[in-house]
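A short reminder: the numbers here are calculations on the coordinates, not readings from a lab. Please read all numbers here as calculations on a predicted model, not as lab measurements. So basically every Cβ, Gly included, is an ideal-geometry build from the backbone, and we count neighbours across all protein chains shown.
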Amino acid sequence: MQTKMLTKHAAPGLWTLAWRRLRADRVAMLALAVAGAFLLLLTLSASGLIVSDWEEEVGINYAPPSFLASEAGSVGRVGRVSASVTRHEPPPPNEFDPLAADLEALRAELPAAALAPPERRPTLPFGADKWGHDVIKKTIKGGETSIVVGLVAALVAVGLGTLFGAVSGFYGGLVDDFFNWFYSIFTAIPSILMILTVAAVLQQKGVMTIVLILGLTGWTGPFRLIRAEYIKHKAREYVMAADAIGASSWRKMFSHIFPNVSHVALVQMSILVVGFIKAEVILSFLGFGVPVGVVSWGSMLNEAQNELILGKWWQLTAAATAMALLVTAFSLFTDALRDALDPKVK
């Protein structure tokens, strides 16, 4: 009975108190809902349940959004004229072409529907790009790339920063001096120059390359904070008690100390996700990002800079709006999470 009474009246833990504070913050819960919706779209897109056909040319070139009725009509007429021009009859057979007979046989075997060019719509709900791809589907597919880059790169950066910070702060001495020297080298160079330097050295475009670029250059912030926490916690009573019972150094670092500083790593990861999503956009905009054939918000903005000169603003608006919503939601949630995990807040 006494044990049950003690359990019943036990003080709530850090994570329980943090969740209570987050639930009481309406802005934080709204931001969490928006970020969760983006993550749900990412999962559905990656699994192929939605927007798997984003590369299909369903509209005419630069098909405007449906709500632009007047412009849609004029562009639609131009599209129909261009379509009629492109649907010309095949050229007369060339008697000197050695493949003429084979091509004629193939045309005879194929049904007429297969030979006819696909019908393209003059307008789409959110418009089309220069190839006729649906902009809203392209935005969702581009978000898959950008969000994956942000999440995985943040995980790599926080993992490295936590490992380096734990070893440096716990051991001290020459080990701490070495990691501080390594940290000073990375922080002495402006971050954008460091990112571009690593990108130029790797010389390969791809999602994994961007993850490595951002992860290998973004560990300095988590390292500084985690190191300070380990310096503070390694002299506390529970660590001394673990040392008295013969716990190894790695067990003390990651089984005893890390659970008490994990909120710092979590907040740093949420901050880096926002920064890395924006960094991916910058890299893709400058040509160091995703390769041809892979779409991201950065590559969409890169394409949109030429479209904007022609007055085609819908791809720029779609990519910028999606990125702004996600980045704002993550930023608001990060601020609320930092406040909720602050032990000084009662």
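Tabulated results
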{"item": "FRET efficiency for LEU106 and LEU325, using Cβ-Cβ distance with R0 set to 51 Å, rounded to 0.05", "result": "0.55"}
{"item": "Listed residues HIS256, ILE271, ILE189: farthest to the positive end of the dipole of segment 145-278 (Cβ charges)", "result": "ILE271"}
{"item": "Global form of segment 191-346, assessed from the alpha-carbon gyration tensor, a/c cut-off 1.5", "result": "prolate"}
{"item": "Out-of-range pairs (alpha-carbon distance over 22 Å; input LYS205/LYS278; LYS130/LYS278; LYS141/LYS312)", "result": "LYS130/LYS278"}
{"item": "Pairwise FRET efficiency - LEU310 versus PHE186, Cβ, R0 = 45 Å, nearest 0.05", "result": "0.60"}
{"item": "Computed log₁₀ I(q)/I(0) - Debye formula, equal Cα scatterers, no solvent, segment 262-346, q 0.11, 0.20, 0.21 Å⁻¹", "result": "-0.41, -0.89, -0.94"}
{"item": "Summed residue charge, Cβ within 14 Å of THR162's Cβ, Lys/Arg positive, Asp/Glu negative", "result": "+1"}
{"item": "Distance between modelled label sites at ARG20 and SER52, nm, 7 Å Cα→Cβ extension", "result": "4.7"}
